[in-house]
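> Input: one structure, supplied below.
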Amino acid sequence: MKLKTKLWLAILASTITGLFMFFGISWVSGNLFNNGYTHAELDMLGKGLVVEAEQTDSQPGQVQALFNRFTEKHPQLRLEWFSQDGTPLYASDGQTLAYDFDELMERFVNMPANLWTPGEDITLVYDWGNDNSQNYLIISLPSEAMQNTQLFFFVRDAVSLLQLMFPLIILLTIPYIFALFFFGRISRRLNKLNQAMNDFEAHSSMIKLEDKNKDEIGQLARHFNVMSERINRQVSQIQEFDNNRKTLIANISHDLRTPMTMIQGYAETIHAGMYQNEEERKKYTDIILRRSRYMDKLLQKLLEISQLDMSKDQIHLEKTNVSELLRRIAGDYVPVLENRGLEFDIEIPDESIHALIDTHLIERALRNLIENSIQYGSDGGYLGLVLEVNDNKVEVSISDRGPGIPADQQELVFERFFRGSEGREGEGIGIGLSIVQEIASAHEGHVKLVSIPNEKTIFTFVLPKE
């Protein structure tokens, strides 16, 4: 069943229920809390009493007995019986004096308005008899004896009935017209949202709903837009990762094929004894050793990034002296720098600088940055290592004076499997800097890069201070 049908059924059911409850509660409350006479009841009582009086052939004794019995049942009603000439024949309160004309007319002034006026007596008159003998019965009662709520309609003909019913029909119809407009608008908005969800495809262009309303449907439309954008972004990332995976496989296949071919060729040469002297054999074994180490390095990098993905939620932070950690790391690379003939500048403050870090991960990131600068920037003959604190941040800067990184590639070097320009290409698969960036992000830090080709390249590893 459609929502629109359900809404209309709910309105119809609520209307019928409301009418039943209205009449039911009115009847119950009227019987319990609204005692008294109504105009219709008084008229019925008066006409019935007159009919009974006429049936007694107007015998005074029988009529008076009839009136006495009536007043015993209805003590709030006052009965007065007059003859045709105005002589009082009976009064339930015992009055026997005749009324003059002014007194009699005063009782009927402003009728029937007095039926609804508090504090005013209500008077009704009835007659019976024939042309020769006419009798009059006056029934009066205080307004307090009437029911509090009464509604009267005076309808003379069909036109009067139409005049009465037309405003009532308009009154009852207008809410349904507004409901029709309101539910129709809601139905169109829901249909648009439903159609957008049916047409949504992750690989197609993003669907965006325009709904500026602040109600629940508007919020749902905005949530749909956010969901659509997020899914398309995630699909794009998945496609990018898939392309990177294919690139990785191609790069690894290429990077491993050459050393494997060389290792196999030189190993077969040595195995067959096809070398001229011991010096040549040693040369071949050195090549085999160097190529095997390179392959081990590639596999180790893959293992590092795999382990980082698995342990993002398992980082163990502890208070660490970054100054001492960096001195130890720098000490390991001093012999390497001296052997390569590189000028180096190491600036580590004497005082201790502490931070909450995972020591193993931070050491891996810093070593990756240092090795990256040695590998790609050694042509500049310089490597700098600086530790400092700025704006409550611990910053470790590694700089070189090599070929540098072009401006259009500086935002890409931290992506997995990206291998930069020719000036910085080498024996790698493009995951070292991505590992550094992910370790920094895991510590709520980041990595900054400033590079001016053939002048300076500075990687700054930024961590929040303790």
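Every number in this text was worked out from the coordinates using simple rules, so none of it is lab data. Just so we're clear, the structure is a prediction, and the values are computed from it rather than from any experiment. Using ideal geometry, Cβ is built from the backbone for each residue, glycine included, and neighbour counts are taken over all protein chains shown.
> Let me know the charge dipole size of the stretch 46-89 about its Cα centre in debye, to the nearest 20, where only the beta-carbon of Lys, Arg (+1) and Asp, Glu (-1) is charged.
220
> Along the stretch 214-225, what does the Karplus equation 6.51 cos²θ - 1.76 cosθ + 1.60 (θ = phi - 60°) give for ³J(HN,Hα), rounded to whole Hz, x for Gly and Pro?
Ordered by residue, 3J(HN,Hα) equals 9, 7, 5, 5, x, 5, 5, 5, 5, 5, 5, 4 Hz.
> Starting with the highest mean, order 101-109, 89-97 by the number of other Cβ atoms within 10 Å, averaged over the residues of each peptide.
Top to bottom by mean Cβ count within 10 Å: 89-97, 101-109.
> Further, regarding this structure: With a 10 Å radius around each residue's Cβ, average the other Cβ atoms per peptide and rank 456-464, 170-178, highest first.
In decreasing order of mean packing, 456-464, 170-178 become 456-464, 170-178.
> Given +1 on the Cβ of Lys and Arg, -1 on the Cβ of Asp and Glu, and no further charges, what dipole in debye does the stretch 315-464 carry about its Cα centre, rounded to the nearest 20?
200
> If each residue of separation counts as 0.36 nm, what is the full-extension length gain between Ser352 and Ala40 once their alpha-carbon separation is subtracted?
102.0 nm
> Would you kindly give the portion of the calculated P(r) for the stretch 315-464 that falls above 25 Å, as a percent of all Cα pairs?
The answer is 24 percent, as a whole percent.
> A follow-up question, please. Give the long-range amide H neighbours of Gly404: residues separated by 5 or more places, or on another chain, with amide H under 5 Å away, using H modelled in the peptide plane at 1.01 Å from N.
Under 5 Å from the amide H of Gly404 lie the amide H atoms of Asn454, each far enough along the sequence or on another chain.
> Using alpha-carbon pairs under 8 Å, 6+ residues apart, how would you state the relative contact order of the stretch 342-393 in percent?
71
> Any idea what the dipole of the stretch 35-145 comes to, in debye rounded to 20, about its Cα centre with Lys/Arg Cβ at +1 and Asp/Glu Cβ at -1?
340
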